There are 4 protein chains.
Amino acid sequence: YGKNTIKFLRLHREGKKHFVKEVEVCTHLRLTSAQEYLEGNNSLVIPTDTIKNIVLVLAKKNGIPSLEQFAIDICNHFMTTFCQVAYVKTYVQEVPWQRLHENGVPHIHSFICVPDGIRFCEAEQCRNGPLVVFAGIKDLKLMKTTQSGFEGFYKNEHTTLPERHDRILCGELFCKWSYGECKDFDFDCIWNKIRECILEAFSGPPDCGQYSPSYQKTVNCIQMLVLSKVSQVQVIEVVLNNTFYNVLDMKNLGLTNDKEVLIPVEAPYGSCACTLGRK
Amino acid sequence: YGKNTIKFLRLHREGKKHFVKEVEVCTHLRLTSAQEYLEGNNSLVIPTDTIKNIVLVLAKKNGIPSLEQFAIDICNHFMTTFCQVAYVKTYVQEVPWQRLHENGVPHIHSFICVPDGIRFCEAEQCRNGPLVVFAGIKDLKLMKTTQSGFEGFYKNEHTTLPERHDRILCGELFCKWSYGECKDFDFDCIWNKIRECILEAFSGPPDCGQYSPSYQKTVNCIQMLVLSKVSQVQVIEVVLNNTFYNVLDMKNLGLTNDKEVLIPVEAPYGSCACTLGRK
Amino acid sequence: YGKNTIKFLRLHREGKKHFVKEVEVCTHLRLTSAQEYLEGNNSLVIPTDTIKNIVLVLAKKNGIPSLEQFAIDICNHFMTTFCQVAYVKTYVQEVPWQRLHENGVPHIHSFICVPDGIRFCEAEQCRNGPLVVFAGIKDLKLMKTTQSGFEGFYKNEHTTLPERHDRILCGELFCKWSYGECKDFDFDCIWNKIRECILEAFSGPPDCGQYSPSYQKTVNCIQMLVLSKVSQVQVIEVVLNNTFYNVLDMKNLGLTNDKEVLIPVEAPYGSCACTLGRK
Amino acid sequence: YGKNTIKFLRLHREGKKHFVKEVEVCTHLRLTSAQEYLEGNNSLVIPTDTIKNIVLVLAKKNGIPSLEQFAIDICNHFMTTFCQVAYVKTYVQEVPWQRLHENGVPHIHSFICVPDGIRFCEAEQCRNGPLVVFAGIKDLKLMKTTQSGFEGFYKNEHTTLPERHDRILCGELFCKWSYGECKDFDFDCIWNKIRECILEAFSGPPDCGQYSPSYQKTVNCIQMLVLSKVSQVQVIEVVLNNTFYNVLDMKNLGLTNDKEVLIPVEAPYGSCACTLGRK
């Protein structure tokens, strides 16, 4: 049990310059007891309202140095303060505020919301177990308009899909990775590096791209690049929910459509998920 | 990998009387191979487009006798047809069309959408493993305006929640249960019986209700009643996401608010989840 | 300017029996002044926080006898209290809680949310003008699986739609009507009567239905029936957003699909709107 | 009546470099006839399916030079082709794809979705009337963490809001403006200039900002700046839906909160709308 979508803004000031971190936190606990379920005895139950208060107090006291450090602080607090807590998990998601710029000059206190991929993290701990930290990006929508195909697949009497060697690849990416023991990590720097790896593996070199023979291979390329470039990542999960773009047949309208007009098919959509770790 | 939100309507006619079943199906596979990820070799990959076709062909051929039977049929088809499939899972969710009535007379071909709890089911199978069938209800919003409290909970310096013995209990329920070996089950009948159990355990007798000392206890009551009344259920999971109703303090407006005007607090919200099986 | 989505629950008790009305209110004002826009002089501006307080105070004091009466009360309050208000409009929408029943017995304090069409109303008044009251229903999803066609329409080189005399008609209805001078209206009774008219006009007699040659004609039938049966309605606007169900061509899958499997097309969707008054 | 959410991607190639424009189009017509409503005579009705085809054919033939030009083309087509059309309105909204960059180098065929304000336009025409073109931006979320207050407002017994001279101003902006006669406008250039004006008027100089005494004044500042800097704009409408950030009182948790932890209040929310034209 726990509290979901604890939303707040943490404002930090350095002189006249303001820094904002708006987050949404979910914190869940498992207690050692069962009497609250069986007997309605609440004596060990930490109210979800108290959970919320603790999250807000920690934000006030420590600030949010990084999403990951904040999630770690919350887990530590519950583990060290309450002996009835058997397990704690905290999810933190960021509202993507970016500093406004005027003619290249950063504004000291104005921000714009730019949701081009949402950063999140998760920390969890069982009593007597290690603290495990995950980070990730979700709602990242990418498209490449060529250098993608799907050929040589399994066929039988239910196959109607034609083979294609030049299609649009468009999808919403969810990536989540785990860190090993977190010693003095610069979580912000690592996260930005991983985001760059994802974009690079998806799109290939800017002047020619890289051919994708399937969603599966693209997912694997992303994972391989992140694992090779970012040593702190132990395991990486990638989910690619793809939107198919159908080349509209315009023959009955007297026109030849050379992949110029395409219709997005939002339902049903294909999904491809894979988790990859190190040896 | 697989295909999500395959939406279709299956229309069945008996003379002039029409029966509709509109569903949304997600079918996911795990293959025995890894070459599609590592090498871009698609020779064993069943396209998600083919998955969609198979779902639609089975709907056409067999109809949808019940959601559960349809999900079972899909799993069986993939397991028996494709030796490269290591695991298959199918989720089926129903659009809640209800037959219209005029002055108590059922209409032969007109329907209204009544989303007071969405029925769903899931079937999954590993090769050489048993077929496991789940069913459930989600998005079921219930409220009781009294006979609910929360007292005697754990307190410390972060506790600001007052004790209450008469509050509103309002929540969105998610219930999912597993069946044992499914021999000639009347899935529709069982599902309706479980829905009644949930409503009864939540609300208590119509003339007086039943006191709930916590969300945890209400969740447990629902589980205990279902397990005691419906022998086919093996394990039942209940998630109760509750909306808190705050009694508005109107003193500074010169009024005494005797729990007459309450403000729903949608974020953050508490959540309580528990899974209970038989011994 | 004004305050949107003021959400609250008004609880009314008669002995042990509870009655709930949960609503969402939007109240907008136009002032006689412009100085707040031009000069930043706020001396005549009623804060939106005060607007919210007034709505809640009126709910506490008067209860919500009907949505319409509550909206009228709010408009009256602003017009009679603040001479700087040039115009006021209030929208009230109901959360569709229905009393639970156990074996036909109504429960004294338990409710279920059944969103099969959302009731709303609107009242507006210009200073020195009449109070105008609208009521309506929205998000009402209806379907008939036959007795609908579309033939004899205008054709040219861009026409690819075949003529059909037996298709599914499915849509989401929005209906809004105005009342004349509201003298002792039983708004709840009238609203229920109009809802019945809408269902009847859409579906036709329960044993045979009634043929719809177009969305336009169905919209007109609804309007004509309401105007003929409910004398209090002056003008009625109907919007029908229809979901097309495409009969899936299964020939390339070796099957003949006799309108048994249909695919809902959610985008793009057709829309048909018409406003009809009395002579 | 008409067709809503006609979604498609228009792909344009210049050598190996690709350009994408994904849009969502709604086109509505009013006919000179009423017989389709009254008699079910469809002979003058242009099916919404044909409307969709025409939009797609024009996209194929003309491309989408700018959203505005495309909307104008659609209106012109309906007016010149169908004498039964009395009025046509077309709304076009853009999916915010941006070209990916790797180390500053633009990618030839890869894009990322960046929804920081959605561009849209609208063109409408009555037969024998002028073509009117609107453009706009919506879902633009901005925040300034100081230089905002609200003081000196009207007070009475329902006022509980304290005066504030340093609060957070956060809102979602909707701006829509009309152009006069569109002679050789560079619509893309004008739109970008207006977006810059909106950001500048909202935030003020980057090193100090500009004090906002109310939402009303901020709305007016935006309008005045756009009208003064962009001569092509005739009338501009601005709607500012603001999210209030509540400074959490942490006294009962033993802490002094100096505007460091703030809770967003999403419902109810204030709204301020104003339309301003030239003399």
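Using the Karplus curve 6.51 cos²θ - 1.76 cosθ + 1.60 with θ = phi - 60°, work out ³J(HN,Hα) for each residue of segment B:259-268 in order, rounded to whole Hz, and write x for Gly and Pro.
Those phi angles translate into 6, 9, 10, 10, 10, x, 9, 8, 9, x Hz.
In nanometres, what is the gap between the two model label sites at D:ASP207 and A:TYR211, each 7 Å from Cα along Cα-to-Cβ?
Placing both labels 7 Å beyond Cα along the Cβ direction yields 5.6 nm.
Regarding segment C:2-129, what are the three Cα extents along the principal axes, ordered largest first, in Å?
Answer, in whole Å and largest first: 64, 29, 27 Å.
Would you please give the FRET efficiency between B:LYS17 and A:LYS193, computed as 1/(1 + (r/R0)^6) with r the Cβ-Cβ distance and R0 = 56 Å, to the nearest 0.05?
Computed FRET efficiency for B:LYS17 and A:LYS193: 0.35.
Can you list residues whose amide H is under 5 Å from D:LEU100's amide H, if they're 5+ apart or on another chain and H is modeled 1.01 Å from N?
Correct list: D:HIS107, D:SER110, D:PHE111, D:ILE112.
In degrees from 0 to 90, rounded to the nearest 10, what is the angle of the helix C:215-229 Cα long axis to the longest principal axis of chain C?
50 degrees
Which angle from 0 to 90°, rounded to the nearest 10, does the C-alpha axis of helix B:67-81 make with the longest principal axis of chain B?
30 degrees
Just D:LEU131, D:LEU161, D:LEU11 to compare: in a GNM of chain D, with alpha carbon springs under 10 Å, which one fluctuates most?
D:LEU161
Enumerate the calculated ³J(HN,Hα) couplings along segment D:138-151 in order (Karplus 6.51 cos²θ - 1.76 cosθ + 1.60, θ = phi - 60°), each rounded to whole Hz, writing x wherever the residue is Gly or Pro.
So the J values, rounded to whole Hz, are 9, 6, 9, 9, 10, 8, 10, 8, 7, 6, 8, x, 7, 9.
Starting with the highest mean, order B:120-127, D:247-254 by the number of other Cβ atoms within 10 Å, averaged over the residues of each peptide.
Packing proxy ranking, top to bottom: B:120-127, D:247-254.
Which of the trypsin sites (Lys or Arg not before Pro) across segment C:172-233 are loop residues per DSSP, with 10 or fewer other Cβ within 10 Å?
Listed in order of number, the matching sites are C:LYS183.
Taking 7 Å along the Cα-to-C-beta vector as the label spot, tell me the A:ASN62-A:VAL114 distance in nanometres, rounded to one decimal.
Each label point is offset 7 Å from its Cα along the Cβ direction, giving 2.9 nm.
Could you work out the relative contact order of segment B:158-257, using alpha carbon pairs under 8 angstrom and six or more residues apart, expressed as a whole percent?
It comes to 43 percent, rounded to a whole number.
List the relative contact order of segment B:2-129 as a percent without decimals, with contacts defined as Cα pairs under 8 Å and 6+ residues apart.
27 percent
How long are the three semi-axes of the equivalent ellipsoid for the protein assembly as shown, computed from the Cα gyration tensor as the root of 5 times each eigenvalue, in whole Å, largest first?
Rounded to whole Å, the semi-axes are 40, 39, 37.
Restricting the calculation to Cα positions, tell me the Rg (one decimal) and the Dmax (whole number) of chain C in Å.
Computed over the Cα atoms of chain C, radius of gyration and Dmax are 23.2, 76 Å.
How much accessible area per residue does chain D have, counting only protein heavy atoms and a probe of 1.4 Å, in square angstrom?
On a per-residue basis, chain D sits at 40 Å².
Measure nothing fancy, just the Cα-based angle from helix D:187-203's long axis to the longest principal axis of chain D, in degrees from 0 to 90, nearest 10.
Relative to chain D, helix D:187-203 is tipped by roughly 10 degrees.
Would you rank D:LYS60, A:LYS17 by solvent-accessible area, highest first, keeping every protein chain in place and using a 1.4 Å probe?
Most to least solvent-accessible, the answer reads A:LYS17, D:LYS60.
Quick one: if you stick a label point 7 Å off each Cα along the C-beta vector at D:MET224 and B:LYS229, how many nm between them?
Label-label distance for D:MET224 and B:LYS229, simple model: 6.7 nm.
Can you flag which of D:LYS21/D:LYS61; B:LYS259/D:LYS251; B:LYS141/C:LYS60; A:LYS144/A:LYS217; C:LYS3/D:LYS176 are past 18 Å Cα-Cα?
B:LYS259/D:LYS251; B:LYS141/C:LYS60; C:LYS3/D:LYS176
Taking chain A as a Gaussian network, where each spring joins two C-alpha atoms under 10 Å apart, which residue of A:HIS107, A:HIS77, A:HIS28 fluctuates the most?
A:HIS107
Where does the protein assembly as shown land at 222 nm, in deg cm²/dmol rounded to the nearest 500, when only DSSP H runs of n ≥ 4 count, each adding -39500 (n - 2.57), divided by all residues?
-7500 deg cm²/dmol
Name the residues whose placed amide hydrogens come within less than 5 Å of the amide hydrogen of C:VAL235, ignoring near sequence neighbours (fewer than 5 apart) on the same chain.
C:SER178
At what distance in angstrom do the alpha carbon centres of segment B:112-143 and segment B:201-279 lie from each other?
Using only Cα atoms to place each centre, the spacing works out to 21 Å.
Would you mind telling me the antiparallel percentage of the DSSP bridges in chain D, rounded to 5?
The antiparallel proportion sits near 100 percent.
In percent, how large is the relative contact order of chain C, given Cα pairs closer than 8 Å and 6 or more residues apart?
13 percent
Using the charge dipole of segment A:2-129 (Lys, Arg: +1 at Cβ; Asp, Glu: -1 at Cβ; taken about the Cα centre), state which of A:PHE19, A:THR5, A:ILE51 has its Cα farthest towards the positive end.
Farthest towards the positive pole: A:PHE19.
Using a Förster distance of 30 angstrom, determine the FRET efficiency expected from the C-beta separation of C:THR5 and D:THR160, and round it to 0.05.
Once rounded, the FRET efficiency stands at 0.95.
Could you compute Rg(Cα) / (2.2 N^0.38 Å) for segment C:97-188, with N its residue count?
Against the empirical 2.2 N^0.38 Å value, I get 1.74 for segment C:97-188.
Starting from 0 in steps of 5 Å, tell me what percent of the Cα-Cα pairs of segment A:151-279 lands in each bin.
P(r) for segment A:151-279, in whole percents per bin: 2, 9, 16, 18, 17, 13, 10, 7, 4, 3, 2, 1, 0, 0.
Going by amide H atoms built from the backbone, whose H comes under 5 Å of the H on B:THR146, apart from near neighbours?
B:LEU169
The values are calculated or read from the model by the stated rules, or taken from the named source; none is laboratory data. In this text the structure is predicted, and so the values were computed from the model without any measurement. Note that we place each Cβ from the backbone using ideal geometry, even for glycine, and neighbour counts take in every protein chain shown. For accessibility, only protein heavy atoms count, side chains too; no ligands or nucleic acids. Shrake-Rupley method; radii C 1.70, N 1.55, O 1.52, S 1.80 Å.
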